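Q: One structure is given below, represented as structure tokens, and several questions about it will come after.
The values are calculated or read from the model by the stated rules, or taken from the named source; none is laboratory data. From a predicted model like this one, the values you see are computed outputs, not experimental measurements. No Cβ is skipped: glycine too gets one built from the backbone with ideal geometry, and neighbour counts run over all protein chains shown. Only protein heavy atoms, including side chains, enter the accessible area calculation; ligands, DNA and RNA are left aside. Shrake-Rupley method; radii C 1.70, N 1.55, O 1.52, S 1.80 Å.
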Amino acid sequence: MRYLKPDFYDEFSCLAGACPKTCCAGWQIVIDETSLDKYEGLSGPFGNRIRNSIDWEEEIFFQYGSRCAFLNEEDLCEIQKELGESYLCDTCKMYPRHVEEYEGLREYSLSLSCPKAAEMILENQKKVTFLEWETEEEEEFESFDFLMFTQLEDARDILYTIIQNRDLNFEKRAWMCAELAKAMQEAVDENQFFEIDALLEQYRNQDIKLLCKKYKIEAPHARYARMKREIRVLQEELEHLESAWSVTLENLAELLYQDGEENYCRIYEEFQKGVGAKSDKKQEWEIQKEQLMMFFVYTYFCGAVYDDAIWSKMALSLFSVEWITELWMYQWISEKKTLTFEDKVELAYRYAREIEHSDLNLERLENYFTADKHFV
């Protein structure tokens, strides 16, 4: 069994009561079967409280005012306080740590939806590397396309190289990632799986400067039309887990899009100049987008082994970085052209909470990307 984790993974430490956005509020906490059995067998007043605070049919904790029944006034967990960490359900023990499972491989990551994890991801100026180790364990999935998974892993390594190529501006890197994913998806759709090996070899050996000559900068007016389409998806087709998110999207749409294309293009161009006026600020900006892209590609790309949806996995990564950036621009213009690092962190984890923690939203976005392969 192989294991993989980002080089900063072990540096995480929960902020507990000091966290600006507790993980025990705003979404449902699913309880695993082992923990349910443990809670059912507890005696005494606290055991009764736990049993009365569980929706046994849905296997979740009840919430009061969108807060877990066991989240106290100091934003600390009463279960951990009374019984210890061993009595936490798996969801609470793990978060924000996340595991993706493949045959013979476990990949660990930190969820962007956690304020501390988002801070760690965005403040990292180094190129992300991954730590790998092995154990003697063996396993075999009943149905697993190992050939395709190997191709996806190889492709992801190439994507990492592209994403972390700091000699190119981020838009060119994103475009190259999109082109590779589209070509792979076309090969899969046409059942030409062995063509993928040739495609990957081409990307390994191709002159990056030559490939970039095909890249065309998206004009601000084209971006305006695209973002207007996508804000409708975010507002009308996706569920909103928190009412504050609906307000943010409404305010963003009004500020950025209501006054038309010319106004949007002016804001966009001023924003680009504002955040990149100095070379050090521009580099910081590019690196932050790079780190977000690395997070999304690492977390989602190889999941295409289960549904063949290579393009939609890449599209989710591109879309997410784009919309976190758009949220930053909205914050910048609404706060009189000021954008702090704390603002960036907050908007990144708020986006992740709404998108990544809703299976319905992920499914609807994948359907949208599949229907429109040229949205970027």
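Let's see how each residue does on (1) buried (at least 21 other Cβ atoms within 10 Å of the Cβ); (2) without any contact (Cβ under 8 Å) to a residue 24 or more places away in the chain; (3) under 27 Å from Glu40 (Cα atoms):
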site	(1), (2), (3)
Ile79	yes, no, yes
Asp90	no, no, yes
Pro96	no, no, yes
Glu103	no, no, no
Leu110	yes, no, no
Pro115	yes, no, no
Ala118	yes, no, no
Leu122	yes, no, no
Gln125	no, no, no
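Q: Of the residues Val233, Val247, only one is within 22 Å of Gly26 (Cβ to Cβ), among the hydrophobic types (A, V, I, L, M, F, W, C) and free of Cβ contacts under 8 Å to residues at least 24 places away in the same chain; which?
A: It is Val247.
Q: Also, I was wondering about something else. Looking at Leu318, is it buried (at least 20 other Cβ atoms within 10 Å of the Cβ), at pLDDT below 95 and closer than 19 Å to Phe170 by Cβ?
A: Here the answer is no, as Leu318 does not meet what is asked.
Q: Mind listing whichever residues of segment 17-45 are under 14 Å from Cys77 (Cα atoms) and exposed (fewer than 13 other Cβ atoms within 10 Å of the Cβ)?
A: Result: Gly17, Ala18.
Q: Now for a different question. In segment 210-259, which residues are over 19 Å from the mean Cα position of the chain (by Cα), surrounded by 12 or more Cβ atoms within 10 Å (Cβ to Cβ) and in a loop (DSSP other than H, G, I, E, B)?
A: Selection gives Tyr215, Glu218, Tyr257, Asp259.
Q: Quick one: Lys182 ticks every box in (1) open to solvent by 60 Å² or more (accessible area, probe 1.4 Å); (2) assigned to a helix (DSSP H, G or I); (3) of a type outside the set (A, V, I, L, M) bar one, so which box is it?
A: (1)
Q: Which numbered condition in (1) modelled with pLDDT of 95 or more; (2) touching a helix residue (DSSP H, G or I) at 6+ places or on another chain (Cβ under 8 Å); (3) closer than 21 Å to Ala309 by Cα; (4) open to solvent by 50 Å² or more (accessible area, probe 1.4 Å) is the only one that Ala155 fails?
A: With (1) modelled with pLDDT of 95 or more; (2) touching a helix residue (DSSP H, G or I) at 6+ places or on another chain (Cβ under 8 Å); (3) closer than 21 Å to Ala309 by Cα; (4) open to solvent by 50 Å² or more (accessible area, probe 1.4 Å) applied to Ala155, the lone miss is (4).
Q: Hey, can you tell me all the residues within segment 262-286 that are among the acidic types (Asp, Glu) and open to solvent by 90 Å² or more (accessible area, probe 1.4 Å)?
A: Glu262, Glu269, Asp280
Q: Let me ask something else about it. Residue by residue through segment 296-342, note down the ones that are of a type in the set (Val, Ile, Thr), farther than 21 Å from Glu190 by Cβ and touching a residue at least 40 places away in the same chain (Cβ under 8 Å).
A: Val297, Thr299, Val321, Ile333
Q: Would you please name the residue that is surrounded by the fewest Cβ atoms within 10 Å (Cβ to Cβ), looking only at residues in segment 127-150 that are over 24 Å from the mean Cα position of the chain (by Cα) and of a type in the set (Phe, Trp, Tyr)?
A: Trp133
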